[in-house]
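Only one structure is covered here, and it is reproduced in the block below.
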């Protein structure tokens, strides 16, 4: 038998990189991070969704499934191409803080991005203009709608097209849209140019990462945001009324974490119409994701088997119902289209046998979170059958200490009662000081083919560095950033050692071989 390929990865969203203009971006520090991964023989870089964020700055409530977040565009690279001057960039430089102030970043960066886009429109070299025209042609299935959406949103200072916009624009009346394109031609063009900038910078970074042996693990929310170009442009594929309002809402039912459940507010798919169209929208969405990244994690995978549907009039998620989705038909179509799906199924929470069958019949790895692993038997002993305990992981899974929705492992452990801490210390044979390292080590030592560590855990950071707290909105969610000197030689050495000890040297080449991409 040949050697089994095992992978190690780091979870870090580009906004959390150091440097940049008040926010991590696709500039030189992103390349330095790739070098850091390559030097430590870590073959996977997992990110969060790359789309432009709306209210609350959540990457999981993007204004487009296809577009990129303009705030990730690096200004220095635009200056290198003469679309901006260094003097323009340096007029009001933002400090390199440990938290992103999204409002300040947007106020500083967007005017400069618009200047750069206008400069491109007026002065682009012929070769760059041809590349732009080709980009527009290749991405026409979403780009025009996104640029229109952003332009109209800016005019009304609100992306809630179903509440605020002129009704003819909200309902996509052809005459109204054509008139808008003519009257706001330059503004619409600017948004298209910004997407050209983003996609160029991102694909150059991805090509560099792949060349250095690093594959990118992307993230795809199962649902789209209501106030998004996706919903506005595809109203017929969603359970919306004639005015664009929700008929029903997404969410999850009451459970141990919430007595009223969670009401998410995303529109739900009209799966019958999607199936009638042979799932063309989903194929297009996955094609886009596979161009951006090498492996795609799909958030809330269980929604492909059945989803929790709540009437739009309800204030909580209590009075909902489970509705079946054609997940198997969808994945049969996707497997025909993509041959071998490089997909990770986010299968956390209460998962039924039907969801497991959908996952396993398509040979998709699920997820294991070590923070969920520790509970008691009635006699006070460790419940060793817990599927999240590292010794129970099978090969076809992706193991984490925690995700973007978890507290950092330091923060999580510090909040446990002493009885549970003692149980964990005995399981790991360690003391309080080294428990986080031993938890990471147990994940890396497990049978899981892929093991991924959040950067905050590698740095042993506390709850102040948590990325997101589910059920809350705004500051300080999504804001954490690296500082310049945190990725020092000691951290590099420890990561390289723990990756090599457990044979986790799988690289981009191995990802291509594994998924036949």
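Read-outs throughout are calculated quantities, based only on the coordinates presented, and are distinct from any laboratory measurement. Model, not experiment: these values are computed from the prediction. Cβ coordinates were reconstructed from backbone atoms using ideal geometry, including for glycine residues, and neighbour counts include every protein chain displayed.
Before moving on, here are some points about what is shown:
- On the principal axes of its alpha-carbon atoms, region 461-517 has extents of 41, 32, 20 Å, going from largest to smallest.
- Diagonalising the gyration tensor over the Cα atoms of the chain and scaling each eigenvalue by 5 before taking the square root yields semi-axes of 37, 29, 22 Å, largest first.
- Taking every alpha-carbon pair in region 58-114 and binning the separations at 10 Å intervals from zero gives 19, 50, 27, 4 percent.
- Translational diffusion coefficient (Stokes-Einstein; Kirkwood radius from C-alpha pairs) of region 346-449 at 4 °C, 1.567 mPa s, in µm²/s: 89 µm²/s
- Spatial separation of Cα centroids for region 68-128 and region 294-324, in angstrom: 38 Å
- Whether region 15-84 is rounded, prolate or oblate, judged on the alpha carbon gyration tensor where a/c under 1.5 counts as rounded: oblate
- Where both bridge residues fall in the chain, DSSP classifies roughly 35% of the beta bridges as antiparallel.
- Calculated over region 205-344: convex hull of Cα atoms, volume per residue (Å³): 130 Å³
- Label sites at residue 125 and residue 492, each approximated as a point 7 angstrom past Cα along Cα to Cβ, lie 3.3 nm apart.
- Secondary-structure-derived ellipticity at 222 nm for the chain, considering helices only, amounts to -12500 deg cm²/dmol, per-run term -39500 (n - 2.57) for DSSP H runs with n ≥ 4.
- Each principal axis of the Cα atoms in region 323-367 has its own extent, and those three values, largest first, are 30, 23, 13 angstrom.
- Modelled FRET efficiency - R0 60 Å, residue 138 with residue 319, Cβ distances, 0.05 increments: 0.85
- Beyond 18 Å, the tail of the calculated P(r) for region 286-423 holds 66 percent of the Cα pairs.
- Cα-based helix-to-principal-axis angle, 489-501 vs the chain, degrees rounded to 10: 70 degrees
- Mean Cβ neighbour count within 10 Å, used as a protection proxy, ranking 196-206, 144-154 highest first: 144-154, 196-206
- Degrees between helix 140-156 axis and first principal axis of the chain (Cα, 0 to 90, nearest 10): 80 degrees
- Cα-based equivalent ellipsoid of region 329-403: semi-axis lengths in Å, sorted from largest, via gyration tensor: 30, 12, 9
- Region 188-241: radius of gyration and largest Cα-Cα distance (Dmax), Å: 16.0, 49
- Of all DSSP beta bridges in region 170-325, antiparallel share, percent nearest 5: 70 percent
- Projected-area mean, region 29-186, by convex hull of Cα positions, square nanometres: 11.9 nm²
- On Cα atoms only, tilt of 418-428 relative to the major axis of the chain in degrees: 80 degrees
- For a label point 7 Å along the Cα-to-beta-carbon line of residue 110, residues of region 154-181 with backbone N under 15 Å: 154-160
- The distance separating the Cα centre of region 174-213 from that of region 330-396 comes to 37 Å.
- Highest average first, the peptides 396-403, 364-371, 333-340 ordered by how many other beta carbon atoms sit within 10 Å of their residues are 396-403, 364-371, 333-340.
- The ellipsoid that matches the Cα gyration tensor of region 77-169 has semi-axes, each √(5λ) in whole angstrom, of 26, 23, 11, with the longest given first.
- The ranking of 381, 288, 463 from fewest to most other beta carbons within 10 Å of each one's beta carbon is 381, 463, 288.
- Using all pairs of distinct alpha-carbon atoms, the Kirkwood hydrodynamic radius of region 140-262 works out to 17.1 angstrom.
- For region 1-56: rounded, prolate or oblate by the Cα gyration tensor [a/c cutoff 1.5]: oblate
- Region 417-517: C-alpha gyration tensor shape, a/c 1.5 cut-off, then a/b vs b/c: oblate
- Over region 244-285: Rg over Rh, Cα atoms, Kirkwood Rh: 1.14
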